[in-house]
Amino acid sequence: MTAPKPNWWKASTCYQIWPASYKDSNGDGIGDIPGIISTLPYLKDLGIETIWLSPMYDSPQKDMGYDISNYEDIYPPYGTLADMDEMIEKCHALGIKLILDLVVNHTSDQHAWFIESRKDKTNTYADWYIWRDPKIVDGKRHPPNNWRATFGGSAWEYCEERDQYYLHLFVAEQPDLNWENDETRRAIYKSAIEFWLDKGIDGFRVDTANLYSKDTSYPDAPITSFGEPTQTAFQYYINGPRMHEWLREIRETVLDKYGDVLMVGELPFTEQDEVLRYVSAGAREYSCVFDFDVVMLGNDYTTGAKKHHSFNHTLPQFKDAIAKCQHMLKGTDAWATVFLENHDQGRSLSRFATDKEAFREQAAKMLAVLLCCLTGTLFIYQGQEIGMYNHPEHWGIEEIRDIDSLNAYNDVKERHDGDELWLKKAMKGIQTIGRDNARLPVHWDASHNAGFTTGSPWIRVHDEYEKTNVADQQKDPKSVLNFWKKMIALRKAHADLLVFGTDFEVWDRHDQDVFTFTKTHPTTGQKLLVFLSFSDEVQPLHYPNGLKDVQKELLISNVDGAGKYLSPWEARVYLLKEETKVNGA
Ligand code: TEU
Ligand code: CA
């Protein structure tokens, strides 16, 4: 009997491209597919093996393409189906896999299915979305329940033609599909999944991967935000009763025809046991998922207008969140992802390290070390490889394009009568965790508009692109970019320990300045010892018991040499030469 083939995606280094802000090829100010194609050699050289392309489908762009009006076509400013065919072919020619975003909790209200569905209660598509009668109180029409939508306001929108409301967990132009309907599910599989697998793509990043199955009795949510007209209702639509059944149906009736298809699910608000049900290899549901513990730090999602409620987290909380995900792998057949950024988050340098000029390059390299030493499939977000950071604090609301941030800001404005101090607070929240931080154009060089476009960019370019850009960093052997390249190569060379290592242990959980962890080779017992400074000051090293005097090789560091102390934002990785037993501290 031959051993089962290892999954290709476990050790693959992935890179997320958010098309609008990546690279514009024709000067209209919007990134596009030909722009992406032109940078494939750059990504190959960096060591990227899989690209995750965020929605490039046809869309009215109410939520930057997460509102899809046709799964089988391309948003014209991004290009054509022929461009996509070329992209798939060119990626594969370079040995790069390509995965797309699968957005099937909802469509755009401009999708043909919804345009039909809303017409009346008897048409062929009448039951393809989630329609409910109004609740009549004192002779007045109200939404069927008190659920709040993710981006604010009621999760129900009234439709005159049907005298009914439809459910939308996101904006009103993103009606939720009715997954309970067999015919709808089959149409989703055919149009959104098979159409693209037939074209040869290698998998999907699955959007809102645990929201399809709702509590179909649609009860009112308990009051947790007092005095508010709408309430958080996560318990009625996250990880609902039929989620696992449907995911297995997808695997068995669709994906299995195409081989080892990567399905990486976006899985917010899910406890460990439940996460395991999705990602255990035996379950055959998701290959791995994006856990939100780390990126939710400092972010209160349970309140309505969240963007002005951002707060500081501590380094121990950060360590705990990372450890939780690493520990899930112990003794299970599950797999994890490793990431600190995506298109919904503030930049990791600004949120988890520092973007102060004196330290940010050092800190960006330190975060690269952290990520490349964790077990799981690694995802890097565009611009992270050069250490891009959040937009400056002086930017006003007029620069912001993201619907989530704009809704949060307007909510504060309304509640507080436009009070200046409140608006300042809201803007501070947006500057810290607002989604546009990740959506600013990539800095390709120091020329006008950072080399992103020759036209006028759809969103403002970061003020400091001259200090942080690809072209300059390519020339500098000590740049963040070249460090990432080295780190990715090291991860590959020591995959057994860096990608697949087990027994992740944190040795200084309560230390507010330093993060020290070890990992073990799954078969040889060889160990990795990692020191990371999260401080502007010099810090002492905390050696795990018994590891100070053993023979070790310095695998990589972001400073020259390894001294007695850790310099600010230093990262150091040791390989312990002999098989060493680590005793509890
Ligand atoms: O995000 C789902 C999600 O849970 C969001 O609430 C996310 O946490 C939020 O955007 C962070 O501010 C996915 C996509 O990643 C996001 O871009 C889309 O807007 C959303 O689904 C709707 O499709
Ligand atoms: Ca363009």
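The values are calculated or read from the model by the stated rules, or taken from the named source; none is laboratory data. Being a predicted model, the structure only gives us computed values, none of them experimental. So basically every Cβ, Gly included, is an ideal-geometry build from the backbone, and we count neighbours across all protein chains shown. For accessibility, only protein heavy atoms count, side chains too; no ligands or nucleic acids. Shrake-Rupley method; radii C 1.70, N 1.55, O 1.52, S 1.80 Å.
Computed values, structure above
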read-out: Of all residues in the range 533-568 being of a type in the set (A, V, I, L, M, F, W, C), in a strand (DSSP E or B) and without any contact (Cβ under 8 Å) to a residue 60 or more places away in the chain, the one that is surrounded by the fewest Cβ atoms within 10 Å (Cβ to Cβ); value: L554
read-out: Members of the range 98-122 found to be away from ligand 1 (no atom under 16 Å from the Cβ) and touching a strand residue (DSSP E or B) at 6+ places or on another chain (Cβ under 6 Å), listed by number; value: L98, S117, R118
read-out: Unmet criterion (only one of (1) under 26 Å from G383 (Cβ atoms); (2) within 16 Å of ligand 1 (Cβ to nearest atom)) for I322; value: (2)
read-out: Selection count where residues are at negative phi and crowded, with 23+ Cβ neighbours inside 10 Å, scope the range 197-206; value: 5
read-out: Residue count, the range 134-160 (criterion: touching a residue at least 24 places away in the same chain (Cβ under 8 Å) and more than 19 Å from Y237 (Cβ to Cβ)); value: 3
read-out: Residue check, G95 away from ligand 1 (no atom under 16 Å from the Cβ) and open to solvent by less than 60 Å² (accessible area, probe 1.4 Å); value: yes
read-out: Count of the range 13-27 residues which are away from ligand 1 (no atom under 16 Å from the Cβ), in contact with a Gly (Cβ under 6 Å, 6 or more places away or on another chain) and closer than 19 Å to L81 by Cα; value: 3
read-out: Near pairs, Cβ below 7 angstrom, 6+ apart or cross-chain, from the range 76-88 (within 14 Å of ligand 2 (Cβ to nearest atom)) to any residue that is open to solvent by 10 Å² or more (accessible area, probe 1.4 Å) and part of a helix (DSSP H, G or I); value: G79/P34; D83/P34
read-out: Unique residue being open to solvent by less than 10 Å² (accessible area, probe 1.4 Å) and not in a loop (DSSP other than H, G, I, E, B) when the list is V530, V442; value: V530
read-out: Matching entry among T354, T377, T314, T332 (being touching a Cys at 6+ places or on another chain (Cβ under 6 Å) and either farther than 16 Å from F504 by Cα or hydroxyl-bearing (S, T, Y) (or both)); value: T377
read-out: Residues of the range 398-415 classified as among the charged types (D, E, K, R), more than 13 Å from N437 (Cα to Cα) and touching a residue at least 60 places away in the same chain (Cβ under 8 Å), total; value: 2
read-out: Residue in the range 380-398 that is within 14 Å of ligand 1 (Cβ to nearest atom) and open to solvent by 50 Å² or more (accessible area, probe 1.4 Å) present; value: no
read-out: Given (1) modelled with pLDDT of 95 or more; (2) buried (at least 18 other Cβ atoms within 10 Å of the Cβ), number of the condition D411 does not satisfy; value: (1)
read-out: Residue match in the range 101-113 (condition: of a type outside the set (K, R) and without any contact (Cβ under 8 Å) to a residue 40 or more places away in the chain); value: no
read-out: Sole residue being within 16 Å of ligand 1 (Cβ to nearest atom) and either open to solvent by less than 70 Å² (accessible area, probe 1.4 Å) or hydroxyl-bearing (S, T, Y) (or both), chosen from Y75, Y125; value: Y75
read-out: Test: residue in the range 285-293 that is over 23 Å from A221 (Cβ atoms), at pLDDT below 95 and not polar (S, T, N, Q); value: yes
read-out: Top-ranked residue in the range 21-59 [being hydrophobic (A, V, I, L, M, F, W, C) and either open to solvent by 30 Å² or more (accessible area, probe 1.4 Å) or part of a strand (DSSP E or B) (or both); ranked as nearest to L94 (Cα to Cα)]; value: I51
read-out: Only one of A358, A364 that is in a helix (DSSP H, G or I) and modelled with pLDDT of 95 or more; value: A364
read-out: The lone exception for G240 - which of (1) more than 24 Å from D344 (Cα to Cα); (2) part of a loop (DSSP other than H, G, I, E, B); (3) under 25 Å from the mean Cα position of the chain (by Cα) it fails; value: (1)
